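Below you'll find the structure, written out as structure tokens, and then a few comments.
Where a number appears in this text, it was derived from the coordinates with a stated rule and is not lab data. Just so it is clear, the structure is predicted and the values come from calculations on it, not from any experiment. Neighbour counts are summed over all protein chains in view; Cβ atoms, including those assigned to glycine, are modelled from backbone coordinates with ideal geometry.
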Amino acid sequence: MDDKHKQLDWMVAQAKAGRMTRREFVGRTTALGVSAGLASALFGKAAQAQEAKKGGVIRIGMQGGESTNSLDPALAASEVPFQVNMTWGELLCDVKADGTIDLRIAEEISSSPDATEWKFKIRQGVEYHGGGTVTAEDVVATLKRHTDEKAQSGALGIVQGIADMKAEGDMVTLKLNAANADLPFLMADYHLMIQPGGGVDNPAAGIGAGPYSVVINEPGVRHTFKKHANYFDSTIGHADEIEILVINDNTARTAALQSGQVHMINRVDPKIVELLKGVPGVQIKAVAGRGHYVFIMHVDKAPFDNNDLRMALKLAINRQEMVDKVLGGLGSRGNDFPINAAYPLFEDKFEQREYDAAKAAEYYAKSGHDGSPIVLATAPGAFPGAVDAANLFAASANAAGIPLQVKLEPDDGYWSNVWNVAPFCASYWGGRPVQDQMYTTAYLSTAEWNDTKFKNAKFDELLMAARGELDEAKRKGMYTEMAQILRDEGGLILPMFNDFVSGVSDTVGGWVDDPNGELMNGRAQIKCWLNA
Amino acid sequence: MHPILKLVVQRIALGLLLLLAVSAVIFLGVEALPGDTAQAILGQQATPEALANLREKMGLNQPPLTRYFQWLGGILTGDLGKALTNGADIAQSIGQRLGNTLFLAGCAAVIAVPLAILLGLVAARHAGKWPDKVISGITLSTISLPEFVAAYFVIYIFTQLIPIFQPVAMVFPGMTFWAKLNAVALPVIVLVLVVLAHMMRMTRAAILNVMQSAYIETAELKGLSPMTVIWKHAFPNAIAPVVSVVMLNLAYLVVGVVVVEVVFGYNALGQYLVDHVTKRDLPVVQAVGLIFAAVYIFLNMAADIIGILANPRLRHPK
């Protein structure tokens, strides 16, 4: 009996820490002779006990920071600036873990029936760190700054679609060049932090309306924050202080988590996940997301201008092997279009493309390729494990009689000299909140980052039509049709979607798996709390 | 003029000339790199338009010679300019990080130099016997380990097996001296392991070399104890080669420890330089390169001068 009590206590503790689902909990406690009704009630109580605790200092150790980083949200491009901006900045609206819109500075969003004009009602009394409150004029000034080419904003492509911006009282009105039913999702882009006066005078001041204000900003070393006392949302910002430490070395980052120097780390190396699972006090959070690793062919350059050859290559890659060996099982197989179940309006109707040497050889023969080597450029930095993945690909393709050859390029200069230049190379995408944005960024004929040089009139037409389509069922159908085109004719070989793998200490409460990005889409530090 | 003073002045002048030459080489070297800052900053987002805009804004369109002299003039007036990538003041960023670099190097040197010399003396005293073999064996194996491997060992031992230190060794202004020492403990251990052997072996070799001399035999015949012979009679005449090796290792501790910095997340100059090299942030790369060169030249010059001073024939010319 005593032993059973102990086990029950242990399971309640697990449930409190959020490490057991209700189903698991009920299953295991009923096995001990507890009635299902009581078990369910117990679980509810345990989960309730997971109440936010205030105070303390949350420390995060992160890869992806350099001493060249700036606080200017327009320039954010790597993981640490992303996380840092989420701590001090505030967006018009955000995307929740379940893919719905979370109203932040905007307290109401509405659109005209044709989705060409959008109105954002600005929440009153949202204070900046330095005093003063967010006004509709600030919002417009912020968006305008990102439209200026000199600002070098990563959100330029988004704000370019806005024809006219107007601030009247507490209302911001945006008129679009073309209909876009997804505009709120675009406004959740991490570059678009609302800054006083639009941040025109000093874009890197680090002053915003977010839950924490910047105390120390040492790029590439650490970023510290203290609670913004007058933050408008009491459900966010539990710790008194936040520290983000830049620890680019995998081993040191892991050791820092194990030794308790930090509470969370990003980018846990898939190779050591199994080892870390056995470490007391540390949990591994592998979250399926939208990020994916790709091999991209320029469809306008020989030999990749031949769809039979492209199909041969798509069939000559062993996706399950990639997921198992490159991702250590922490991911899922891709199907040669960049959308998965983490996206809204995704229809799971496609047959999984498998490795089929015979069929690949058939397509290869049909393509009439002259047998000269097909060169795949890759580099260690193309994505984690990119060189291994390319070698696996070459091996499985060679087995099908396709002369695929791997060419190792240096990391240095890869994104300027190889990506978007070499006709066939390894790359990655972080994914976008909605399908429209992903397709618009990389597969629309006119896209700046169209890295497969894919130009398909029917595809473009569907994309534009879907943007203005407010009927979700119809829109879903359009997206499915687009996926079909890309999957069968595109230059994209997408073997795998990678999970975001983070390490979190047991003392952290409030963790929620968020498919939008790593570490709860950059918000773990403002949404979690410390139990100890 | 006293010949020693003359020698010293000569050395210093030579050092400065060398530094000027190095500055030109650094500038040329950076110029010769493929790609430029604008391209490196924009990365995936580099459209021809954005590139042209950025190059214009950064003054990358001016001829190299103009930029070299502008840069040189800036250095002489203490103005290193702003980092192209994030607009931070370079002199200020370097100032703090240089302090951290020197702190780490200083801590390592304070332990490593006396320890190496002491071990060298002991090894020389017992040359060929077991203490010599043990000391040489251990120090040679630690120098043979790549730094990052030694670092991982040290992390494993002192943060996992015996958790007394922290794996991440960042230091910040405002920390107490003891807190700083505690933070840098692990990198210091690694650096000591790495530099010990070289200095120890040189001390041992230099002493053994002197031990062949007739005057040592005389000292021994006088009945002095072996340690006194080594310390009082052999060591002063072995100083010059030992000092030059010590200086080489000090220079390494200042400029060559980027791997250790990265592994322990230590916020010093090496990591700062590497970050800016990958972004082609030329002003920063040049400034840090010049500082590293200056450290090297200064320490070698110091070794030269101490070597001269340690030589009685030069100290007391006829």
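Tabulated data
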read-out	value
Residues B:Ile239, A:Ile265 arranged by fewest to most Cβ contacts within 10 Å	B:Ile239, A:Ile265
5 Å-binned pair-distance histogram of region A:240-350 (Cα, whole percent)	2, 9, 15, 15, 15, 13, 11, 8, 6, 4, 2, 0
Convex hull of Cα atoms in region B:190-275, direction-averaged projection (nm²)	6.4 nm²
Stokes-Einstein D in µm²/s, Kirkwood radius over Cα pairs - region A:254-305 at 37 °C with 0.692 mPa s viscosity	232 µm²/s
Per-pair calculated FRET efficiency, R0 = 22 Å: B:Asn182 and B:Ile157 via Cβ, rounded to 0.05	0.85
Distance in nm between pseudo-label sites at B:Ser144 and B:Asp89 (7 Å out along the Cβ direction from Cα)	5.0 nm
Selected from B:Ala109, B:Ser93, B:Ala124, residue furthest toward positive end of dipole (region B:72-227; charges at beta carbon)	B:Ala124
P(r) histogram, all alpha-carbon pairs of region B:1-120 included - 10 Å bins from 0, percent	10, 24, 29, 21, 11, 4, 1
Ranked list, fewest to most other Cβ atoms within 10 Å of each Cβ, for A:His263, A:His238	A:His238, A:His263
For A:Arg145, net neighbour charge (Lys/Arg +1, Asp/Glu -1) across residues whose Cβ lies under 12 Å away	-3
Neighbour-count ranking [beta-carbon atoms within 10 angstrom, fewest first] of A:Phe497, B:Phe177, A:Phe225	B:Phe177, A:Phe497, A:Phe225
Spread of Cα-to-Cα distances over 10 Å intervals beginning at zero, given as percent, for chain A	4, 17, 26, 26, 19, 8, 2, 0
Whole-angstrom gap from region A:121-170 to region B:41-113, using each part's C-alpha centre	32 Å
Nitroxide proxy distance, nm - points 7 Å out along Cα→Cβ at B:Ala24 and B:Ile12	2.4 nm
Whole-number D in µm²/s for region B:65-217 (Stokes-Einstein; Kirkwood sum over Cα pairs; 37 °C, 0.692 mPa s)	174 µm²/s
Stretch gain in nm, segment A:Glu461-A:Ala205, where the contour uses 0.36 nm per residue and the Cα spacing is subtracted	88.0 nm
Over region A:291-396: Rg over Rh, Cα atoms, Kirkwood Rh	0.96
Under 20 Å from the A:Lys166 label point (7 Å along Cα→beta-carbon), backbone N, region A:113-145	A:113-123, A:135-145
Backbone HN-Hα couplings from phi across region A:368-382 [Karplus 6.51/-1.76/1.60, Hz, Gly and Pro as x]	x, 5, 6, x, 5, x, 9, 9, 10, 8, 8, 8, x, x, 4
Three principal axis lengths of region A:313-374 [C-alpha, angstrom, descending]	42, 27, 18
Spherically averaged projected area of chain B from its Cα convex hull (nm²)	22.0 nm²
Reach of A:Lys166 by Cα under 23 Å, taken over lysines that are not fewer than 8 positions away in the same chain	A:Lys119, A:Lys121, A:Lys144, A:Lys150, A:Lys175
Whether region A:434-492 is rounded, prolate or oblate, judged on the alpha carbon gyration tensor where a/c under 1.5 counts as rounded	prolate
Ratio Rg/Rh [Cα only; Rh per Kirkwood] for region B:175-318	1.12
Counted charge near B:Ala268, where neighbours are those whose Cβ lies closer than 13 Å (Asp, Glu -1; Lys, Arg +1)	-1
Counted charge near A:Trp415, where neighbours are those whose Cβ lies closer than 13 Å (Asp, Glu -1; Lys, Arg +1)	-2
Percent of Cα pairs exceeding the 24 Å cut-off, where the set is region A:78-175	23 percent
Förster-model FRET efficiency, 30 Å R0, A:Ala358 and A:Lys407, C-beta, rounded to 0.05	0.65
Nitroxide proxy distance, nm - points 7 Å out along Cα→Cβ at B:Val110 and B:Glu220	3.9 nm
Sites A:Ala341 and A:Gln320 - FRET efficiency at Förster radius 25 Å, r taken between beta-carbons, to 0.05	0.90
